[in-house]
Amino acid sequence: MATTVVLVDDHTMLRQGLRRALEAEGVKVIGEASDGDEGVKVALAAKPDVVLMDVSMPGTDGIDATKRLVGADNRMRVIMLTMHADRDVIDRAIKAGAVGYLTKDASIGEVIEAIRLAANGDRPMSPRLAEAMLTEARKDTEAIISSREEEVLQLVADGYGTTEIADKLFISQKTVKNHLASIYEKLNARDRTQAVLLAVKMGIVKLT
């Protein structure tokens, strides 16, 4: 059975082009709307597997529409479409109940994959958004973790012990331990392993 989708976007040409591209790939578009209010009504009536919802629309925007839609039927799987990789927009969309986020320059393959993932209960995000959020997270963390602490953490990730780290950085073992204690506190980590895993996820250090 084909995956069903409702398209909500105020740009008619974009909806038409997206409909043709999706249906060419076997996705069935069962409804369209040009604003948030209409989108909520169409989606609640059509009961699609996934709703592709534009963020910026006149009147009721996509985030408010998503909040209303998910509030009325928590089974709705909404993927937000946005022009920019804006962290604030993503945070608001998460709170509204969206399960996925795509930038409008995403390829049709990425859109199809996101729809498939959302329909199966996953939370898709376009590579551009994921990269932007990772970069922002790294910047936020770098503002907290000093360059010396980053050096210590990388050496921990490389498998070095306290004595070896002290020797490599020409500092005392006590200083290494103080850096580690500071890192644990800043990353809210219990130990070296958790600190390294968090740092890898944030892109601060790399596993070799």
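Output the residues belonging to the stretch 173-190 that are among the charged types (D, E, K, R) and not in a helix (DSSP H, G or I).
Correct list: Arg190 only.
Would you say Asp37 is acidic (Asp, Glu) and over 23 Å from Gly121 (Cβ atoms)?
Considered against the rule, which asks whether it is acidic (Asp, Glu) and over 23 Å from Gly121 (Cβ atoms), Asp37 comes out as yes.
Scan the strands (runs of 3 or more DSSP E) fully inside the stretch 4-119 and keep the ones with 1 or more residues being in contact with a Ser or Thr (Cβ under 7 Å, 6 or more places away or on another chain), aromatic (Phe, Trp, Tyr) and surrounded by fewer than 17 Cβ atoms within 10 Å (Cβ to Cβ).
none
Please state which one of Arg138, Arg148 is farther than 24 Å from Lys104 by Cβ and either assigned to a loop (DSSP other than H, G, I, E, B) or modelled with pLDDT under 90 (or both).
Arg138
The values are calculated or read from the model by the stated rules, or taken from the named source; none is laboratory data. On a predicted model such as this, the values are computed, not experimentally measured, just so you know. Note that we place each Cβ from the backbone using ideal geometry, even for glycine, and neighbour counts take in every protein chain shown.
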